[in-house]
Amino acid sequence: MKAPRQPVARIRGWKYNAKKAPGAGKGVRPPRQKPARPDRGGARLALVAMVLGAVLAIGVAPALLAQAKSAAPKKVFPYSIHKRTLANGLDVVVIETPEFKNVLSFNTLVLAGSRNEVEPGKSGLAHLFEHILFRHRWKSQENGYEEAISRLGAHNNAWTWFDVTFYHPLTFTANLEGRSEDLPGLLALEADRFSRLDFTEKIFRTEAGAVLGEYRRNASFPSLKLEERLTALLFPHHPYGHTTLGYYEDVLDMPNEYAAAVAFYETYYRPNNCVLVIAGDVRAEEMFAKIEPYYRDWQPKPVPPILATGSPPKTEQREHVPWNADVAPLVWVAYRMPAHKTGSVETAVGQLLPELLVSPAAPLYRKLRFEKQTVNALGFEEGTQGYESFDPRVLILSAQLYKEKYAERGQAYFDEVIADILAGVEELKQFSRRKDARALLETLKSKYRYDFLAAMSSPANIAQTFAWYYRFERDPEVFEKLLASVERLTPRDIDQFARRQFVPEHRVVLTLAYEAGARP
Amino acid sequence: MRESNSAPVVRWLLVLSATLAVGAAPARTQQVSVVSLDSPAPLVTVRVMVRAGSAHDPEGLEGLAYLTARMLIEGSFGDPRAPVTKERLAEITRPWGQGAMPTVQVGKETTTFSMTVPREVLPRYVAQIFRPMFTQPLFEARELDRLRAETLTTLRSNLRLEQIELVGLVTLDNVLHAGTSYAHPVATERGAEAITREALQRFYVTYYRPEHLVLGVSTREEAVVAPLREALAGAGTSAVPPLERRPLEPPPAVQGREVVLVALPNAIATGLHAGFPLTINRRHPDYWPLYVANVWFGTHRDSFSYLYDQFRALRGYNYGDYSYIEHFENRPFALFPPTGYPRRYQYFSIWIRPVQHDYAVHLLKALTWELEHFVRTGLSEEQCALAKNKARVLYLSLAETTERLLGYRLEDAFYGLVPGYLESYLEQIDAVRCEQVNAAIRRHLQAANLKYVIVTDDEVAPKLAEAIAANQPARGKDPAEYQIEVREENGQKLYLVPEAKRALLERDAVWAHYWLDIPRDRIRIVPAERLFVTAALP
């Protein structure tokens, strides 16, 4: 009676899905940016607000932000965070959120993603592994794990990104431990699949086929093609040069890569390379005591470092991609960014970039979207998650253009939009010279802090956001450090960041437009 | 059946006011009711539920509840010499985060304002925004004109011509409640055009008085709750005379089967909807057994359920197929039911997402046969157990965030549910026995009296009407499309049907030969551009 598990559901982490399925993005990437409210013309309101913002900020905003600043409490995150490291190196973090009665968000973060696919011809393995983990043969039974989870009752899903793979079952606290041999608890099931994964070559080949189906389905999105070109151009020297889904040739060949897959698991699915993040109606001490016996036999192993094999490109690169379907033309302006470092000025500025560049209140957004009406959407293609990474990655400004205008003006239209985007980015280099720079920056900090907190609206959201940032320095105080670093920013920090980062040699510009008979 | 069940409906309306006092401030006339959670979060979620919605729109002024609500936020408020305009509002709230900007949802019987405010700025928020917004709305005429124009655009182009799924869902809701105050969407064209500034003020004095308001707060701390409650004490005062309160009648019973075909220009597929009014809501003892039955039959956006399995998973007709025992707002876009749309009168419905035009009649028969079959056979013990297990897991999503927890608390206040819906959810599910499920199915579900809404292309619609009325076999997919091997032998097609696929083909044949028995005079074709002009169907 039950339909088989939908592969769609399991790859939420894969950004193209998230975009195409409104409302399904819960588990995609850290839910820090609050989604736009759907019910009315918020964009228009915000526009007017910003126009006024520039004018009024001098008179009004200082009073507001003085208030906001003085009121900012020392410790911002409201829940208690507890950490214990087991003898085998497994970090266990428990976040107590007792108001969500009987809810258990039990997450495993594996510090390996497509960045760890270093061998030529073996891209896409991290994502494939995410699928395999759901096919674990609990008690040597085909589909044993999935059936046991289904009997237990849990929402179970996962996603894969460049640096990490995140598994996030959600169930009742009462389901942590089993009721009998036949009804194992979530703790037993999770510990078993991570530390003693049991899968066959047949299962491997089946899932490789499913991944191929996924690739083909997503191949109709022009953004996949742009992403492939962009990463190849920016990172010829680093495994960031391919997408999480992998190269098409590699995905085609995946069924033959069983041995490589086993090696991937043996290398990266190790306790010292994983973090358990548990949030919900739980007690930390009790959890530590229960978890330890299940995970202690998992053997640690040193994880090989990921090294760049050359140096990044030294000049600006531009490329046009013809597309064979009649889609809206796209412009991507991308910059290589510094690696994430919690507490650093660079990372703190990165947190405010969405508000500075692509929020409905940002000058660049207003100019393109409302004043000139040359684009109908402007945003960061991968959010801030594009550059919150172990090694330097990328900020992608993506604009969707109007078909009719492109039909009329062609390349000149592209040139105009690109020039406007570059000018908007350039303006940040003079940010501190704005008359309202200080006031505006304080407003942005305040908005950032409150939007950050507003996103912490459920145990699952809290755990996911925590895991996302915790991985960098493994510091349980990571939220406070990140927020404090943003609080410390001065207008000149913005200038300096922009001058250092937004330079031609860090830049790639891509355009995409319909061309009958094109072969993408 | 209808008569015998209307008594509880009336009764719970009476119980409502009594039960509301639970967790509320000491009962005093003209007092705002309060519901709360116990969250330590540094952002306080605040909701204000007005016990009036679009069902309270006076006849001919459909859209009044909606425009009043929007105008409270966007039509300026406070001191007329220094009003908080919508621009100023955005400016003030910006440093407090996206959530500090109020939003509003308008349902049939309630209007719900939501905002999330940092605890430390709450006093300022109350003084600058919350109090003046609810007590001194200015209803500026130019903002009314703008919102009216936006509403008309939404009705005329977006809803009628772009949202093929939503237009079907809204139309079914309307036709099931034909002739009652529930029969129109959030606004109609004529209604929106006729609404004046004075009408807004009159709606406001009638329904925004403290005794009609329920305040929901994510914390119980009196220091937080009290200023909010007190701020609402002055709501709903103005010099204009109140409106006559519109009575809310139950929907008429459906007699036999009838079809409304909505004809859209350039529709590339056909969406199917069917439903009938239910006589129960959350307060009825049969609610939970029926809930479990529906989880098995048609859980929204979930591959677990039967309809999805039959139509999408096994046969690949469309993106999904679901059933409902309560109104579910915003179905095309929401994975779980949004809170804020409680109703005393509920309806059962089936939603078959758009399918290829050629298969519409076949699937219309299929959905009807399946409903009939479901009523006839009920669920086995094993199916009940699976459905109960699934229902339990759904709780995790329904109760996921503070906003949802608070949203359900407000709905509890509307229904007069003690203990609340989510508070008792798991216990209620556990307590359901399979014989109760089957009894509830037999008591409340049926397939003989159905209203169908079909949204299709305007060129296809007349042919579809004839095909439905013709009462002829209507085939769905060819066996070849199920990866069944076909051979040509002596000019004849020979299907090599594997044992595993026999049941599938047999069921297809049953569907194809099911008689809907809907005469042509019970099938109406309505051009989409004539929908939502007034509350009546054209």
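The values are calculated or read from the model by the stated rules, or taken from the named source; none is laboratory data. Please read all numbers here as calculations on a predicted model, not as lab measurements. Here Cβ is always computed from backbone atoms with ideal geometry, including for glycine, and neighbour counts include all displayed protein chains.
The table that follows gives values for the structure above.
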item: Residue under evaluation B:Y291, criteria (1) aromatic (F, W, Y); (2) in contact with a Lys or Arg (Cβ under 7 Å, 6 or more places away or on another chain); (3) farther than 30 Å from B:D57 by Cα, criterion not met; result: (2)
item: Yes/no for B:A439 being touching a Ser or Thr at 6+ places or on another chain (Cβ under 7 Å) and not in a strand (DSSP E or B); result: no
item: Among the residues listed as A:E177, A:E99, A:E147, the single one being more than 14 Å from chain B (Cβ to nearest Cβ) and charged (D, E, K, R); result: A:E177
item: Filtered residues of the stretch A:440-496 (kept if in contact with a helix residue (DSSP H, G or I) (Cβ under 6 Å, 6 or more places away or on another chain), basic (K, R) and surrounded by fewer than 21 Cβ atoms within 10 Å (Cβ to Cβ)); result: A:R492
item: Residues of the stretch A:132-159 satisfying the condition of being polar (S, T, N, Q) and either at positive phi or part of a loop (DSSP other than H, G, I, E, B) (or both); result: A:S140, A:Q141, A:N143, A:N156, A:N157
item: Selection count where residues are in a loop (DSSP other than H, G, I, E, B) and among the acidic types (D, E), scope the stretch A:276-328; result: 4
item: Only listed residue being more than 10 Å from every other protein chain (Cβ to nearest Cβ) and part of a loop (DSSP other than H, G, I, E, B), chosen from A:F162, A:F129, A:F77, A:F106; result: A:F162
item: Hey, B:P265 of a type outside the set (A, V, I, L, M, F, W, C) and either under 30 Å from B:V214 (Cβ atoms) or crowded, with 20+ Cβ neighbours inside 10 Å (or both) or not; result: no
item: Residue check, B:G191 out of contact with any Asp or Glu (no Cβ under 8 Å at 6 or more places or on another chain), modelled with pLDDT of 95 or more and surrounded by 23 or more Cβ atoms within 10 Å (Cβ to Cβ); result: no
item: Wholly within the stretch B:202-306, strands (runs of 3 or more DSSP E) carrying at least 2 residues that are closer than 30 Å to B:P527 by Cβ; result: B:257-264, B:270-277
item: Those helices (runs of 4 or more DSSP H) lying entirely in the stretch B:64-177 with at least 2 residues among the aromatic types (F, W, Y) and under 21 Å from B:R331 (Cβ atoms); result: none
item: Boolean, B:L138 is of a type in the set (A, V, I, L, M, F, W, C), touching a Phe, Trp or Tyr at 6+ places or on another chain (Cβ under 8 Å), closer than 30 Å to B:A263 by Cβ and more than 11 Å from chain A (Cβ to nearest Cβ); result: no
item: Residues that are among the aromatic types (F, W, Y) and at pLDDT 90 or above, drawn from the stretch A:234-277; result: A:F235, A:Y240, A:Y258, A:F264, A:Y265, A:Y268, A:Y269
item: Given (1) farther than 27 Å from B:E165 by Cβ; (2) not in a strand (DSSP E or B), number of the condition B:G476 does not satisfy; result: (1)
item: Residues that are among the charged types (D, E, K, R), touching a helix residue (DSSP H, G or I) at 6+ places or on another chain (Cβ under 9 Å) and in a helix (DSSP H, G or I), drawn from the stretch B:415-434; result: B:E423, B:D430
item: Residue selected from the stretch B:368-380 under the condition more than 14 Å from every other protein chain (Cβ to nearest Cβ) and either touching a Ser or Thr at 6+ places or on another chain (Cβ under 9 Å) or not hydrophobic (A, V, I, L, M, F, W, C) (or both), by the criterion surrounded by the most Cβ atoms within 10 Å (Cβ to Cβ); result: B:T368
item: Residue in the stretch A:252-263 that is in the same structural domain as A:R196 (by TED's automatic domain parsing) and under 23 Å from the mean Cα position of the chain (by Cα) present; result: no
item: Residues (in contact with a helix residue (DSSP H, G or I) (Cβ under 8 Å, 6 or more places away or on another chain) and either more than 14 Å from every other protein chain (Cβ to nearest Cβ) or of a type in the set (G, A, S) (or both)) located in the stretch B:393-413; result: B:A399, B:E411, B:D412, B:A413
item: Residue count for the stretch A:230-249, restricted to those that are out of contact with any Phe, Trp or Tyr (no Cβ under 9 Å at 6 or more places or on another chain) and in a helix (DSSP H, G or I); result: 3
item: Residue count for the stretch A:347-405, restricted to those that are assigned to a helix (DSSP H, G or I), among the hydrophobic types (A, V, I, L, M, F, W, C) and free of Cβ contacts under 8 Å to residues at least 60 places away in the same chain; result: 3
item: Residue count, the stretch B:288-318 (criterion: within 20 Å of the chain's Cα centre (by Cα) and surrounded by fewer than 21 Cβ atoms within 10 Å (Cβ to Cβ)); result: 3
item: Residue list for the stretch B:93-103, filter: facing chain A (nearest Cβ under 9 Å), of a type outside the set (G, A, S) and within 33 Å of the chain's Cα centre (by Cα); result: B:T93, B:R94, B:W96, B:Q98, B:M101, B:T103
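This table checks each residue for (1) modelled with pLDDT of 90 or more; (2) under 27 Å from B:P250 (Cβ atoms); (3) surrounded by 24 or more Cβ atoms within 10 Å (Cβ to Cβ).
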| site | (1), (2), (3) |
| --- | --- |
| B:L14 | no, yes, no |
| B:L20 | no, yes, no |
| B:G23 | no, no, no |
| B:A41 | no, no, no |
| B:T45 | yes, no, yes |
| B:R51 | yes, yes, no |
| B:S54 | yes, yes, yes |
| B:G60 | yes, yes, no |
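For (1) assigned by TED's automatic domain parsing to the domain that holds B:A313; (2) of a type in the set (A, V, I, L, M); (3) in a helix (DSSP H, G or I); (4) touching a Pro at 6+ places or on another chain (Cβ under 7 Å), each residue gets a yes or a no:
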{"site": "B:I454", "(1), (2), (3), (4)": "yes, yes, no, no"}
{"site": "B:E466", "(1), (2), (3), (4)": "yes, no, yes, no"}
{"site": "B:E481", "(1), (2), (3), (4)": "no, no, yes, no"}
{"site": "B:Y495", "(1), (2), (3), (4)": "no, no, no, yes"}
{"site": "B:A500", "(1), (2), (3), (4)": "no, yes, yes, no"}
{"site": "B:E506", "(1), (2), (3), (4)": "no, no, yes, no"}
{"site": "B:A536", "(1), (2), (3), (4)": "no, yes, no, no"}
